[in-house]
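Reviewing the structure listed below.
The values are calculated or read from the model by the stated rules, or taken from the named source; none is laboratory data. All of these numbers come straight from a predicted model, not from anything done at the bench. All Cβ positions, even for glycine, are placed from backbone atoms using ideal geometry, and neighbour counts span all protein chains on display.
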Amino acid sequence: MNASSWDLRIQRARKLATTHTAASEILRFYEEVAEFQKGVYGQLQSARPQRLELSVLLPHFPALLSLVQRTGPAPLARTAEELARNRAQWQSLLTNQDADDQRAFFARAMLQPYFEYQAGESGVATTSVQPDCPFCGERPQVAVLRGEGDGGKRSLVCSLCATEWDFRRLLCPNCGEGTERNLPVYVAEEFPHVRVEACDTCRTYIKSVDLTKNGLAVPVVEELATLALNLWAEEHQYVKLQLNLLGM
C-alpha cells in the first residue's frame, strides 16, 4: 500500500457521499478520518523507522480527538472529550481495542495506518488457505471479486492492515462451509456491484464488491456506503463477520 491508496478512499468517499443519501453523513466523517490516517501513514513512510513501537502513534492522538469532537457522531465525540482529559489511557487503548465499542474506534483509527505501513513493508504472501489475514491475523472486512478466465477470482481484505489475499470463492470465511446451497447471496437493485455473501450454517455474512461490475469501486468505502445491505442481513438473522471502523 502507499499514500495513493488513501487518496482513492478519500475521493471515493467524497463522491459516494453525494449519491448515497442514507450514508452521506457517515461517508463525510470517514473522509475526514481517512485524511487523518493518510497523514499518519505518510509520516511513517517518510521516517521509515528501524523499530516501530506503538508509542510513535501517541503524538497523533490530539489531532484525532479534535477531529472527532468537531465532526464525529455524538457518542464518539463524547468519548473523544473523555479521552482528551485522560492522556494516561492512550497507550493502553492501543493494546486493548475491544474494551469498549466507542473506544475501539479510536484504537482502530490509529492502528490501521500503523499496521498498513508495516504490511506494505513486509512483502507478505497474498495467497492463503486461511480465512484470517496472513500478515496480522485479523478478520477480513470485505471480499473482492475480479474477473479471471471464464469465472471470477475472490480475495479478502483485512480489517486492520488492508492486506488482500486470495480466497476460495465458494467458502465461508467464518466456518469453512463450502456447499453452495448453504451460501446464499443477496444483491440490492441500488447497489448492483455489492452483495451480501451469507452462510446458513454459522449465520454470518460478509459484503463482496464486484469490480467487474464497477471498476471505480473502492471496496472499503463501498462497504461503508451500503448500509441497506446491513439491514437486510440483520432482518434475516445474519451477523456480520467483522464490524467496520465505525462499528457497523
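Within region 120-150, the set of residues being in a strand (DSSP E or B), small (Gly, Ala, Ser) and under 22 Å from residue 177 (Cα atoms) comprises 143 only. Say whether the condition of being touching a residue at least 24 places away in the same chain (Cβ under 8 Å), touching a Ser or Thr at 6+ places or on another chain (Cβ under 9 Å) and surrounded by 20 or more Cβ atoms within 10 Å (Cβ to Cβ) is met by at least one residue in region 4-15. No, because not a single residue in region 4-15 is touching a residue at least 24 places away in the same chain (Cβ under 8 Å), touching a Ser or Thr at 6+ places or on another chain (Cβ under 9 Å) and surrounded by 20 or more Cβ atoms within 10 Å (Cβ to Cβ).
Note on region 1-27: residues that are under 19 Å from residue 113 (Cα atoms) and either in a helix (DSSP H, G or I) or at pLDDT 95 or above (or both) total 12.
Between 66, 46, the distinction of being at pLDDT below 95, more than 17 Å from the chain's Cα centre (by Cα) and in a helix (DSSP H, G or I) belongs to 46 only. Right, residue 80: over 25 Å from residue 139 (Cβ atoms), touching a Gly at 6+ places or on another chain (Cβ under 8 Å) and hydrophobic (A, V, I, L, M, F, W, C) or not? Spelling it out, residue 80 is indeed over 25 Å from residue 139 (Cβ atoms), touching a Gly at 6+ places or on another chain (Cβ under 8 Å) and hydrophobic (A, V, I, L, M, F, W, C).
Residue 30 falls short on exactly one of the conditions (1) farther than 18 Å from residue 116 by Cβ; (2) modelled with pLDDT of 95 or more; (3) of a type outside the set (Lys, Arg), and that condition is (1). Quick one: which of 48, 87, 78, 108 is out of contact with any His (no Cβ under 9 Å at 6 or more places or on another chain), closer than 20 Å to residue 230 by Cβ, not hydrophobic (A, V, I, L, M, F, W, C) and not assigned by TED's automatic domain parsing to the domain that holds residue 190? Matching residue, one of 48, 87, 78, 108: 108.
When residue 117 is tested against (1) within 19 Å of residue 4 (Cβ to Cβ); (2) in contact with a Phe, Trp or Tyr (Cβ under 6 Å, 6 or more places away or on another chain); (3) in a strand (DSSP E or B), exactly one condition is not met: (3). Would you mention how many residues in region 213-227 are among the small types (Gly, Ala, Ser), touching a residue at least 40 places away in the same chain (Cβ under 8 Å) and exposed (fewer than 15 other Cβ atoms within 10 Å of the Cβ)? Final tally of qualifying residues: 0. Would you confirm whether or not region 175-195 contains a residue that is closer than 12 Å to residue 241 by Cα and touching a helix residue (DSSP H, G or I) at 6+ places or on another chain (Cβ under 8 Å)? No, region 175-195 contains no residue that is closer than 12 Å to residue 241 by Cα and touching a helix residue (DSSP H, G or I) at 6+ places or on another chain (Cβ under 8 Å).
Yes/no per residue for (1) outside the structural domain of residue 160 (by TED's automatic domain parsing); (2) of a type outside the set (A, V, I, L, M); (3) surrounded by 14 or more Cβ atoms within 10 Å (Cβ to Cβ):
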position: 177; (1), (2), (3): no, yes, yes
position: 183; (1), (2), (3): no, no, yes
position: 190; (1), (2), (3): no, yes, no
position: 195; (1), (2), (3): no, yes, yes
position: 199; (1), (2), (3): no, yes, yes
position: 202; (1), (2), (3): no, yes, yes
position: 211; (1), (2), (3): no, no, yes
position: 247; (1), (2), (3): yes, yes, no
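Being touching a Lys or Arg at 6+ places or on another chain (Cβ under 9 Å) and of a type in the set (Gly, Ala, Ser) is not true of residue 74.
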